[in-house]
Amino acid sequence: MNRLPGAIFVVLSLAVAACAPVQLFPADVRNGVENDFDFSTWRNIPNARIGQKVQLGGRIVQVNGGNGSLTIIATQLPIVQQPAYGPKDSGRRSGEFSIVYPGALDSKWVKAGNRLIVIGTTKEAKTVVVDDVQRSLPSLTAHCLHIWNTGGKEIAEFPYNAGGGYEPLEEETHCAPH
């Protein structure tokens, strides 16, 4: 009988932990992120919001490399909790933004269609070429990226177990060198 309260405590602790938000990034990277960041306002007037630490979700459109850094062009997607955690394409285009990652990444992580969540600091709009058209996009410098190697699929389309011939979903966090 004395073990029953302990067992209940363990079960409740596990249940609470299972409901806790997914932590993809180290605590020091998450510290100071603007929780009420308005992407639409930033997209319309990008230079008015310089220096804010933000978290955004997206789908990679294209990647340009050079000089030891990458410029990732992404379509902004909302970050959802269910049915799977991560950016989800809701069918509405919110706009594109550029991410400057000061480092190199394996090509499998920076393929068009992959989903990502970035924590970074907003900076001045960046002129980029997207589909042979020069554009000015809101820009941020990445502190960390979490990338799902989805190949253009939704994260929720991947099964949770890798057995039975299912294709496992690869994901990885990459933080910029200090």
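The values are calculated or read from the model by the stated rules, or taken from the named source; none is laboratory data. Everything numeric here is computed off the predicted structure, so don't read it as measured data. Note: ideal-geometry Cβ built from the backbone for every residue, glycine included; neighbour counts use all protein chains shown.
Worth pointing out:
- Members of the stretch 49-72 found to be among the β-branched types (Val, Ile, Thr) and either closer than 24 Å to Pro26 by Cα or touching a Gly at 6+ places or on another chain (Cβ under 9 Å) (or both), listed by number: Ile50, Val54, Ile60, Val61, Thr71, Ile72
- Gln76 falls short on exactly one of the conditions (1) of a type outside the set (A, V, I, L, M); (2) assigned to a strand (DSSP E or B); (3) out of contact with any strand residue (DSSP E or B) (no Cβ under 6 Å at 6 or more places or on another chain); (4) within 19 Å of Ala156 (Cα to Cα), and that condition is (3).
- Across the stretch 59-69, the number of residues qualifying as closer than 18 Å to Lys123 by Cα and modelled with pLDDT of 95 or more comes to 0.
- Some residue of the stretch 89-105 being hydrophobic (A, V, I, L, M, F, W, C) and free of Cβ contacts under 8 Å to residues at least 24 places away in the same chain: no
- Residue ID - modelled with the lowest pLDDT, chosen from residues in the stretch 47-58 that are surrounded by fewer than 18 Cβ atoms within 10 Å (Cβ to Cβ) and over 14 Å from the mean Cα position of the chain (by Cα): Ala48
- Residue pairs whose Cβ atoms lie under 9 Å apart, sitting 6 or more positions apart in sequence or on different chains, and linking a residue in the stretch 127-154 that is charged (D, E, K, R) to a partner that is assigned to a loop (DSSP other than H, G, I, E, B), are Lys153/Gly113; Lys153/Leu169; Glu154/Ala84; Glu154/Lys88; Glu154/Asp89.
- Of all residues in the stretch 84-93 being within 15 Å of the chain's Cα centre (by Cα) and not charged (D, E, K, R), the one that is surrounded by the most Cβ atoms within 10 Å (Cβ to Cβ): Pro87
- In the set Val10, Val22, Val33, only one residue is at pLDDT below 95 and within 15 Å of the chain's Cα centre (by Cα); that residue is Val22.
- Residues located in the stretch 102-138, provided they are touching a Lys or Arg at 6+ places or on another chain (Cβ under 8 Å), surrounded by fewer than 22 Cβ atoms within 10 Å (Cβ to Cβ) and within 17 Å of Pro46 (Cβ to Cβ): Thr121, Thr127, Val128, Ser136, Leu137
- Residue check, Gly103 at pLDDT 90 or above, more than 13 Å from the chain's Cα centre (by Cα) and assigned to a loop (DSSP other than H, G, I, E, B): yes
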